Amino acid sequence: MKSLTNKRVLLGVSAGIAAYKTPDLVRKLTELGAEVQIILSKNADQFVAPLSLQAVSGHAVHNYAMTAESESGMGHIDLARWADIVLIAPATANVMARLCQGNADELLTTVCVATEAPIAVAPAMNQQMWQNAASEANIATLESRGVHILGPDAGEQACGEVGPGRMLQPADIAARVASLFQNTQLTGKRIMITAGPTWEALDPVRGITNHSSGKMGYALAEAAIEAGAEVTLVSGPTYIAKPERANIVDVVSALDMHSAVMSTIDQQDIFIGVAAVADYRPVDSADQKIKKNADQMTITMVKNPDILADVASRDTPPFCVGFAAETNDVVEYARGKLEHKKLDLIAANHVGGSETGFGTTDNAITLISNDNAIELPRQHKSALARQLISEISKAFNEQS
Ligand code: C5P
């Protein structure tokens with residue numbers, strides 16, 4: 001597998017002379033396996049032909065303006081979500097100053113404010129501009145916010161001067177972008193994740209379910225894909241966008257989820273059970289809608305299979321990770337489940353509050369193994385998912 005396989009690079013081209021090198025940069029990125037979309041900053045089309053970039057990327061190029069027409073296609077939020085990384089090359093002194101300000105004055109800068117993806121810039125400017133105190137302060141600010149600064153190179157410049165400020169060569173930029181993803185140790189590994197609630201039907205229109213939104217499981221699927229894994233996401237009914245690059249298996253009930261998991265579990269390296277599976281299901285599900293004739297109604301329920309425990313007790317189980325959502329004594333209960341279900345890791349989280357857990361945007365987790373417990377503090381579920389996948393892959397690689 002190539003170093004940028006499955007990776008989506010959103011390339012922002014700002015208006016500097018080095019923009020003429022960007023068709024080659026797109027080529028180098030796609031040769032490493034990346035899919036590339038391009039946003040031109042204002043006036044960048046004076047330095048590179050949009051048609052050349054369209055031809056090499058295979059995508060229509062996004063203009064700087066945010067019009068009703070452009071927003072009705074892939075708008076700024078969709079582009080911000082699409083990207084695994086936003087790369088600005090060349091990055092002029094002006095665009096870096098605007099990034100520092102958090103300006104959202106054209107499509108490229110707006111996407112930078114809206115994205116959760118990492119941002120990398122390849123500065124390109126005259127050596128005096130690069131060494132200007134304002135540019136130095138801006139670079140320091142961007143670095144302190146986690147923006148990756150690629151280069152610049154030193155040497156002869158388009159203006160005839162010699163010094164630092166030349167954009168790195170396209171092949172170097174592509175290699176450095178690839179290296180930003182290389183903390184990902186799951187290349188070529190197969191991961192199955194269950195997510196969302198299950199729905200246990202009482203009749204054709206009613207059922208028993210829970211508040212799980214699927215957000216945590218979906219974020220883990222995205223993070224595992226980012227880490228190079230081939231992901232199968234077995235999902236109960238949810239209302240959130242499906243990760244595009246996962247193999248999605250939609251299920252409804254716990255029994256459906258159980259058989260979907262078991263059908264390909266022998267091909268998986270890692271299994272992560274995030275789904276909030278109903279513990280019980282009604283013994284009978286009526287074929288017709290139940291009428292409200294009686295004053296009382298009793299529903300007899302039977303226990304559902306424990307999918308995670310069944311996976312973990314196979315003769316040659318995959319590396320198994322469970323989730324324990326608890327309202328009290330979280331770590332203690334989670335440790336009990338780790339032992340009882342014979343898991344490799346369990347992610348314990350506190351539910352019931354309004355800020356973390358079911359349906360929320362943020363989460364906080366204690367990741368527990370037989371001999372360790374790691375606190376992953378409260379943060380957005382996608383950031384937390386990246387940390388979790390990194391910890392899971394470390395533990396998986398140590399074991400195998
Ligand atoms: O025992 P408890 O339901 O608290 O365990 C939670 C963990 O077990 C979660 O990882 C959940 O996905 C998994 N589970 C399962 N099948 C069930 C119940 C829970 O896979 N029937």
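The values are calculated or read from the model by the stated rules, or taken from the named source; none is laboratory data. Keep in mind that what you see is a predicted model, and the values were worked out from it rather than measured. Every residue, glycine among them, receives a Cβ derived from its backbone with ideal geometry; neighbour counts consider all protein chains shown. For accessibility, only protein heavy atoms count, side chains too; no ligands or nucleic acids. Shrake-Rupley method; radii C 1.70, N 1.55, O 1.52, S 1.80 Å.
Here are the numbers for the structure shown:
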| read-out | value |
| --- | --- |
| Filtered residues of region 123-162 (kept if open to solvent by 40 Å² or more (accessible area, probe 1.4 Å) and part of a strand (DSSP E or B)) | HIS148, ASP153, ALA154, GLU156, VAL162 |
| Number of positions in region 34-57 that are open to solvent by 30 Å² or more (accessible area, probe 1.4 Å), of a type outside the set (A, V, I, L, M, F, W, C), in contact (Cβ under 8 Å) with a residue 24 or more places away in the chain and farther than 15 Å from PRO90 by Cα | 2 |
| Boolean, THR198 is open to solvent by 50 Å² or more (accessible area, probe 1.4 Å) and in the same structural domain as ILE270 (by TED's automatic domain parsing) | no |
| Test: residue in region 227-239 that is part of a strand (DSSP E or B) and either among the acidic types (Asp, Glu) or on the phi > 0 side of the Ramachandran plot (or both) | yes |
| Qualifying residue in region 87-98 (condition: free of Cβ contacts under 8 Å to residues at least 12 places away in the same chain and part of a helix (DSSP H, G or I)) | yes |
| ASP105 vs. criteria over 25 Å from GLU222 (Cβ atoms), surrounded by fewer than 21 Cβ atoms within 10 Å (Cβ to Cβ) and without any contact (Cβ under 8 Å) to a residue 40 or more places away in the chain | yes |
| Condition check for ILE392: at pLDDT 90 or above, touching a helix residue (DSSP H, G or I) at 6+ places or on another chain (Cβ under 7 Å) and away from the ligand (no atom under 11 Å from the Cβ) | no |
| Of residues in region 263-295 being surrounded by fewer than 18 Cβ atoms within 10 Å (Cβ to Cβ) and within 11 Å of the ligand (Cβ to nearest atom), the one nearest to ASP344 (Cα to Cα) | ASP279 |
| Strands (runs of 3 or more DSSP E) enclosed by region 296-393 - at least 2 residues per element that are surrounded by 16 or more Cβ atoms within 10 Å (Cβ to Cβ) | 319-326, 345-350, 362-369, 372-380 |
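The rows are residues; the columns are (1) farther than 22 Å from SER3 by Cβ; (2) open to solvent by 50 Å² or more (accessible area, probe 1.4 Å); (3) within 14 Å of the ligand (Cβ to nearest atom).
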{"site": "ILE225", "(1), (2), (3)": "no, no, no"}
{"site": "GLU230", "(1), (2), (3)": "no, yes, no"}
{"site": "ASN247", "(1), (2), (3)": "yes, yes, no"}
{"site": "VAL261", "(1), (2), (3)": "yes, no, yes"}
